[in-house]
Amino acid sequence: ALTKLGIPVANVAGGSNSAVAEYAVTAASTLLRRMAWSDAEIKNGNYVKYRARMVADNLAGIEGLLVGLVGFGTIGRAVAKAFEAMGCRICYFDPAAAPASGQRTRVNSLQELLATADVLSLHVPLLPETQNLIGARELAMMKKDAVLIHAARGGVVDEAALAAALTEGRIGGAAVDVY
């Protein structure tokens, strides 16, 4: 439609790599440290009670965590680099990606990635084979304190299943950039 109107259209491959990487690291840190909840509790006058809960829960930072990436193309690799800069270990699942260099570990199955990752970050296109890639079954495979960063495309995650997993406390949190 735009071409018919004489408006040029172009894909700027890699144009958002650093923005997505920054989003993924920031979202993971916010979730793991419960920053948004802490802010709300402090504003509501519950500092002492909430701080005691955070101390008791021994909230982890990002350093040393295992970040699992689903999709290891241009964006996935940029996200890996950003998490590595924060001291994270990287593993990834992408049947189409070439093996990575360095300390990045390619896993053989999505199930293996789900079971081991502390942070799961999604970076795949929406294709028939990625539609509802992450549903109730996959969310149940994740660690109870793991967080999900959904920075792929709407339709990759079953939103009802994610809402149920969060409501029931079966995963540690989720950041959803797309729906």
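So which of Leu31, Leu65, Leu59, Leu69 is in contact (Cβ under 8 Å) with a residue 60 or more places away in the chain and under 25 Å from the mean Cα position of the chain (by Cα)?
Working: Leu65 fails: in contact (Cβ under 8 Å) with a residue 60 or more places away in the chain; Leu59 fails: in contact (Cβ under 8 Å) with a residue 60 or more places away in the chain; Leu69 fails: in contact (Cβ under 8 Å) with a residue 60 or more places away in the chain.
Checking each option against the conditions leaves just Leu31.
So that you can scan it fast, the table gives a plain yes or no per residue for (1) touching a residue at least 12 places away in the same chain (Cβ under 8 Å); (2) in contact with a Pro (Cβ under 9 Å, 6 or more places away or on another chain); (3) open to solvent by less than 50 Å² (accessible area, probe 1.4 Å):
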| position | (1), (2), (3) |
| --- | --- |
| Pro95 | no, no, no |
| Gln103 | yes, no, no |
| Leu110 | yes, no, yes |
| Ala115 | yes, no, no |
| Leu122 | yes, no, yes |
| Pro128 | no, no, no |
| Asn132 | yes, no, no |
| Ala146 | yes, no, yes |
| Gly154 | yes, no, yes |
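For residues in segment 1-49 being of a type in the set (Gly, Ala, Ser) and surrounded by 13 or more Cβ atoms within 10 Å (Cβ to Cβ), which is nearest to Asp118 (Cα to Cα)?
Ala28
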Within segment 76-86, identify whether any single residue is within 14 Å of the chain's Cα centre (by Cα), under 25 Å from Asp57 (Cα atoms) and aromatic (Phe, Trp, Tyr), and answer yes or no. yes
Tally the residues that are open to solvent by 50 Å² or more (accessible area, probe 1.4 Å) and either modelled with pLDDT under 95 or under 20 Å from Val25 (Cα atoms) (or both), restricting the search to segment 134-144. 2
Unique match (being out of contact with any His (no Cβ under 7 Å at 6 or more places or on another chain), more than 19 Å from Val157 (Cβ to Cβ) and modelled with pLDDT of 90 or more) among Met35, Met86, Met54: Met86
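The values are calculated or read from the model by the stated rules, or taken from the named source; none is laboratory data. Remember, predicted model here, so these are calculated numbers, not experimental data. Quick reminder, even Gly has a Cβ in these numbers, built from the backbone with ideal geometry, and neighbours come from all protein chains shown. Note: areas computed on protein heavy atoms with side chains; ligands, DNA, RNA excluded. Shrake-Rupley method; radii C 1.70, N 1.55, O 1.52, S 1.80 Å.
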